[in-house]
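Below is one structure, written out as structure tokens; comments come after it.
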Amino acid sequence: MGAAVFRAIRNFNLENRAEREISKMKPSAAPRHPSTKSLLREQMSRHPEIKGEIARKDDRLLSLLKDVYVDSKDPVSSLQVKDSGTPQEQKEFRLAKGHDYNMNIKNIPKGKISIVEALTLLNNHKLYPETWTAEKIAEEYYLEQKDVKSLLKYFVTFEVKLLPPEGKKAIPSK
């Protein structure tokens, strides 16, 4: 019953809507750059047959296009075949560190970290590099050591320094 009502609504006034869409103004070509207008005009004046050639339909090409029929099927990848035979292994998860920031993240796959954890470990390494070494971070967060070394090498946290206005004394930091 619902499909029949939907079909009736969809087909209501179909011809008029189609005619209205067809009779709309077609989009025009993008405007040409002013530097190329003179070159185009010059070429058209030298070779007037180009204008006719552009507008002419080539019957030979149209007949070739009508003969084209594409029937393709996606090949079955070797990964799909291999995965279908073996049962999927369970991923190992770990609890997120720093629970006060992320209440919506319950567990994180081993080998991955959240944004908050990444910022925390980068900051810890910056403040206490002797304590928070790449090896300790890899062990603590269940990451690969080469990934942690790359993380520490290529990523840094921002450091905000407040400069006093000229003529005023700076408050010494602790």
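The values are calculated or read from the model by the stated rules, or taken from the named source; none is laboratory data. Keep in mind that this is a model prediction, so the values were computed, not measured. Neighbour counts run over all protein chains shown; Cβ positions are idealised from the backbone, glycine included. With ligands, DNA and RNA removed, areas are computed over all heavy atoms of the protein, side chains included. Shrake-Rupley method; radii C 1.70, N 1.55, O 1.52, S 1.80 Å.
Take the residues in the range 134-150 that are among the hydroxyl-bearing types (Ser, Thr, Tyr) and in contact (Cβ under 8 Å) with a residue 12 or more places away in the chain, then tell me which one is farthest from residue 120 (Cα to Cα).
142
A quick yes/no check of all residues on (1) acidic (Asp, Glu); (2) loosely packed, with under 10 Cβ neighbours inside 10 Å; (3) in a loop (DSSP other than H, G, I, E, B):
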| position | (1), (2), (3) |
| --- | --- |
| 3 | no, yes, no |
| 7 | no, no, no |
| 10 | no, yes, no |
| 28 | no, yes, yes |
| 32 | no, no, yes |
| 61 | no, yes, no |
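When the range 151-164 is examined, which residues are found to be of a type outside the set (S, T, N, Q) and either open to solvent by less than 80 Å² (accessible area, probe 1.4 Å) or touching an Asp or Glu at 6+ places or on another chain (Cβ under 8 Å) (or both)?
Matches in the range 151-164: 151, 152, 164.
Name the residue that is surrounded by the fewest Cβ atoms within 10 Å (Cβ to Cβ), counting only residues in the range 124-150 that are over 20 Å from residue 109 (Cα atoms) and not β-branched (Val, Ile, Thr).
130
Can you find, within the range 106-123, the residue that is modelled with the highest pLDDT among those that are open to solvent by less than 50 Å² (accessible area, probe 1.4 Å) and more than 19 Å from residue 146 (Cα to Cα)?
That would be 116.
Which residues, taken from the range 26-39, are among the aliphatic types (A, V, I, L, M) and at pLDDT below 85?
If the condition is that a residue be among the aliphatic types (A, V, I, L, M) and at pLDDT below 85, then 29, 30 are the ones that fit.
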